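Colleague: Let me give you the structure first, and then I'll get to my questions.
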Amino acid sequence: MIHLTPPGNLFQDQYVTRASELLRTWQGEVVHSYGLIGVPLAKSSISHSGAHLAPAAFRQSLSSFTTYAVESGCDLQRERIIDFGDIAMHATDVTESHKRIKDTVYELLQENEKLFPIIIGGDHSVSYPAIAAFQQARGKTAVIQFDAHCDVRNLQDGGVTNGTPFRKLLEEKHIEGDYLYQVGIRNFVNSEAYIHYVKQAGVRMVTMEEVEKVGIQSVIQSILKEVGEKAEHLYVSLDMDVLDQAYAPGCPAAAPGGMTSSVLMEALNLIARSPLFSGIDIVEVDPSVDFRSMTSKLSAYLILSLLTKRMK
């Protein structure tokens, strides 16, 4: 008797549903729930980056988990994440790639009014066209940016990079300063000029010191209260380098002094319960320098946890 399985086939347990089974390839239908959009762009990174590999690594990492959350008793096996595939990037032209991102995200949101986009970058430059498209399609949007950096670098020294997305969004008036909340900003990875810039723009900046002093629950609840009083939608931009390098070794700008994975998970779980929460991007994961896929797996785990909290 010959015993063969397809290449790369995983162990099958009749009582276990792998999280990767939640993905369904888009067939052109109208999507009423979650949609995965890969954005494999890394050419705009100011440091070496293999972040273009992250969408594939994210999908692969889902197979490491099941759909069942033991702590809540929730099972995601009936949920579906429609996989739209990856947006095709231009081989050399970052501006053209950003145009493709904005056009694609905008069209998908226009044609699928109830779509909750899960956008997997890519470096952080992809958040500029993604959020611009989201704001254009959905209306007044507040953004919570989890990040070690302000990402408001000047545009003269290096042009549009993964250090400029929020400068572009603010200067082009896609979002107002008081609709942007930066959480996790920390020492020795920013400059005084850029801290001054965000303060002048009216951005609410929450440093790691404040997170540790008052607690992430207090920080997020305060932000959600403000957002609820003025915005129609809430979008999260998650730069994985908000985490300490011990938890996210696969970030191009990995550094000490950041959040633990538990603190970030608590923050996202609180946000997940907000009725205004309508979209998320996860950026700055480089699978080529990751250790045992730790950072990619954490990205997948965070999304699964978030979906579970939204079921309640």
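The values are calculated or read from the model by the stated rules, or taken from the named source; none is laboratory data. Because the structure is predicted, anything quoted here is derived from the model rather than measured. Using ideal geometry, Cβ is built from the backbone for each residue, glycine included, and neighbour counts are taken over all protein chains shown. SASA here: full protein model, heavy atoms, side chains in, ligands and nucleic acids out. Shrake-Rupley method; radii C 1.70, N 1.55, O 1.52, S 1.80 Å.
Colleague: Within 10 Å of each candidate Cβ there may be at most 13 other Cβ atoms; applying that plus a DSSP loop requirement, which chymotrypsin sites (Phe, Trp or Tyr not before Pro) in region 134-167 survive?
Modeller: none
Colleague: Give the accessible surface of the chain per residue, rounded to a whole number of Å², with probe radius 1.4 Å and ligands, DNA and RNA excluded.
Modeller: 46 Å²
Colleague: Please list the non-local residues whose amide H lies under 5 Å from the amide H of residue 81, H modeled 1.01 Å from N, same-chain partners needing a gap of 5 or more.
Modeller: 23, 24
Colleague: Can you give me the distance in nm between label points at residue 173 and residue 4, each placed 7 Å from the Cα along the Cα-to-Cβ direction?
Modeller: Once both label points are built, they end up 6.4 nm from each other.
Colleague: Let me make sure I get this right: for region 149-283, a, b and c are the square roots of the gyration tensor eigenvalues over alpha carbons, sorted descending. Under 1.5 in a/c it's rounded, otherwise prolate if a/b > b/c, else oblate. Which is it?
Modeller: oblate
Colleague: Let me ask you something else. Using only Cα atoms, tell me the angle between helix 127-138 and the longest principal axis of the chain; keep it within 0 to 90° and round to the nearest 10.
Modeller: 90 degrees
Colleague: Right, another one. If amide H atoms are built 1.01 Å from N in the plane of the peptide, which residues on other chains or at least 5 residues away come under 5 Å of the amide H of residue 277?
Modeller: Residues meeting the amide H criterion: 234.
Colleague: HN-Hα J couplings of region 92-109 from phi, Karplus 6.51/-1.76/1.60, θ = phi - 60°, integer Hz, Gly and Pro as x?
Modeller: Per-residue couplings from phi come out as 9, 9, 5, 4, 5, 4, 5, 4, 5, 5, 4, 4, 5, 5, 4, 5, 5, 5 Hz.
Colleague: So, counting K/R as plus one and D/E as minus one, what does the shell of residues with Cβ under 13 Å around residue 255 add up to? Present the calculation step by step, with values, prior to reporting the outcome.
Modeller: On the way: positive: 186; negative: 147, 239, 241, 244, 284.
Every neighbour counted, the sum reads -4.
Colleague: If amide hydrogens are placed 1.01 Å from N in the peptide plane, which non-local residues have theirs closer than 5 Å to the one on residue 243?
Modeller: 259
Colleague: Separate question: Counting alpha carbon pairs within less than 8 Å and at least 6 residues apart, what relative contact order, in whole percent, applies to region 207-312?
Modeller: 31 percent
Colleague: With Rg/Rh (Cα atoms, Kirkwood Rh) in mind, check [x] 0.95; [y] 1.32; [z] 0.99 and report the label derived from this structure.
Modeller: Derived directly from the coordinates: [x].
Colleague: Going by alpha carbons, how many degrees (0 to 90, nearest 10) lie between the helix axis of 294-311 and the longest principal axis of the chain?
Modeller: 90 degrees
Colleague: How tilted is helix 261-272 with respect to the longest principal axis of the chain? Cα atoms for both, answer in degrees (0 to 90, nearest 10).
Modeller: 90 degrees
Colleague: Between residue 92 and residue 25, what is 0.36 nm times their sequence separation minus the Cα-Cα distance? Round to one decimal in nm.
Modeller: In short, 21.3 nm is gained.
Colleague: Give me the dipole magnitude in Debye, nearest 20, for region 193-312 about the Cα centre, with unit charges on the beta carbon: positive for Lys and Arg, negative for Asp and Glu.
Modeller: Details: 11 positive and 14 negative charges, 97 e Å.
The dipole of region 193-312 has a size of about 460 debye.
Colleague: For the chain, what's the relative contact order in percent, using C-alpha pairs closer than 8 Å and at least 6 residues apart?
Modeller: 21 percent
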